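Just so you know, all these numbers are worked out from the coordinates, no wet-lab data involved. Just so we're clear, the structure is a prediction, and the values are computed from it rather than from any experiment. Quick reminder, even Gly has a Cβ in these numbers, built from the backbone with ideal geometry, and neighbours come from all protein chains shown.
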Amino acid sequence: MAQDLRARVEAAYRDRALLKDRAFAEAVLETIADLDRGALRVAEPAAEPGAAWQVHAWVKEAILLYFGLRAMETIEVGPFEFHDKIPLKRGLAAAGVRVVPHGIARYGSFLEPGVVMMPSYVNIGARVGSGTMVDTWATVGSCAQIGRNVHLSGGVGIGGVLEPPGARPVVVEDGAFIGSRAIVVEGVHIGAEAVIGANVVLTASTAILDVSGPTLVEHRGAVPPRSVVIPGTRPKRFPAGEFGVPCALIIGQRSASTDRKTSLEGALRDFGVAV
């Protein structure tokens, strides 16, 4: 069934005129419905440990086509009015999800049982794992993949990566802690149980410098599992002089000898990471 959906979606993405045929339009609608109920996802872990995540570009193509199929409409929720193409997610109680007023999840996103959304936002194509807290004014952009037992602190910005369809979305793996006002965009991958301090900005080009050992190790686009990361700067010479350029510093690792809660508290205490 999924292969049939994929073939029709990919054909319609190459030739939008095919959407006039009900069979192709229905393939797009079915794909989004499968995303909404968690039967499909935009990206998933590779079968082999340590391998890159597999991105299902055709599912992203379906999302892009869905925007074209939908018309603008007025959505009324009590005294509130919205005007948009994408409906709001429904059936939250049956799904075992808690959404505090002013928390908004768009149709086509998937929230596993036990997710808590404070006044926050989850966009279409995103997936949020069980036990995860999306805290006040945090945003989870389109197609982002958030693992289980993650804490996205107040004001965290997880960027959406919808185009090009083959591009990897932002991935935050199980047990990670993202501190207040941190920004993670452009397909950056946060490893399991990593601790990202307040105001850290991670883009595809951000230098992530491991300064915890005797030799500097540089990463880009990915934070290794269990790393403790804080904002930093490093000098760079420009024609007008030398200035500090933002980077991120890995200053240590969460302890493997303690559970997640104790380990997180220890990391914040031992390394002085603000959240």
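Please work out the FRET efficiency for the pair Leu69 and Glu48, using the Cβ-Cβ distance as r and a Förster radius of 51 Å; give the result to the nearest 0.05. Before the final figure, lay out the partial values.
Working: r = 37 Å, r/R0 = 0.72.
Calculated value: 0.90.
When the chain is modelled as a GNM with alpha-carbon springs shorter than 10 Å, which of Gly197, Gly129, Gly91 fluctuates the most?
Gly91
Among bridges DSSP assigns within the chain, what percent are antiparallel (round to 5)? Don't jump to the answer; show the numbers that get you there.
Numbers: 23 of 59 bridges.
For the chain, the DSSP antiparallel bridge percentage is about 40.
Can you tell me the alpha carbon radius of gyration of the chain divided by the globular rule-of-thumb value 2.2 N^0.38 Å?
Numbers: Rg = 20.0 Å, N = 275, 2.2 N^0.38 = 18.6 Å.
So the chain has a normalised radius of gyration of 1.08.
Would you mind putting 239-246, 202-209 in packing order, based on average other-beta-carbon counts within 10 Å, highest first? Working shown, then result.
Numbers: 239-246: 9.0, 202-209: 17.5.
Highest to lowest by the protection proxy: 202-209, 239-246.
Given H placed 1.01 Å from N in the peptide plane, which residues other than close sequence neighbours of Gln253 have an amide H under 5 Å from its amide H?
Val228
For labels at Thr233 and Val77 in the simple 7 Å Cα→Cβ model, what's the distance in nm?
With each label point 7 Å from Cα toward Cβ, the separation is 4.1 nm.
Based solely on C-alpha atoms, express the radius of gyration and the Dmax of region 114-244 in angstrom.
15.1, 53
What FRET efficiency comes out for the pair Glu218/Glu10, r = Cβ-Cβ distance, R0 = 41 Å, nearest 0.05? Provide the component values of the computation, followed by the final result.
Working: r = 38 Å, r/R0 = 0.92.
My answer for the efficiency is 0.65.
Mean-square fluctuation check for the chain, GNM, Cα pairs under 10 Å: which of Asp34, Asp15, Asp210 is largest?
Result for the chain, Cα springs under 10 Å: Asp15 fluctuates most.
Please compute the length gained on full extension between Ala204 and His102, using 0.36 nm multiplied by the number of residues separating them and subtracting their Cα-Cα distance. Walk me through the intermediate numbers first.
Working: separation 102, 0.36 × 102 = 36.72 nm, distance 3.07 nm.
Fully extending the segment from Ala204 to His102 adds 33.6 nm.
For the chain, list the DSSP H helices whose alpha carbon atoms reach 24 Å or more along the long axis and whose average Kyte-Doolittle value is 0.5 or above?
Numbers: long enough: none.
The answer is none, since no helix passes both cut-offs.
Round to the nearest 0.05 the FRET efficiency obtained for Asp270 and Glu163 when R0 = 41 Å and r is the Cβ-Cβ distance.
Plugging the Cβ-Cβ distance into 1/(1 + (r/R0)^6) gives 0.50.
Sorting check: for 138-150, 214-226, 156-168, which peptide has the highest mean count of neighbouring beta carbons within 10 Å, and how do the rest follow? Each step should come with its number before you reach the end.
Working: 138-150: 24.2, 214-226: 14.1, 156-168: 19.1.
So the order, starting with the most tightly packed, is 138-150, 156-168, 214-226.
So if the hydrodynamic radius of region 38-88 is defined as the Kirkwood radius over C-alpha pairs, what does Stokes-Einstein give as its diffusion coefficient at 37 °C and 0.692 mPa s, in µm² per second? All intermediate terms of the calculation are to be shown ahead of the outcome.
Numbers: Rh = 13.7 Å.
The estimated diffusion coefficient comes to 240 µm²/s.
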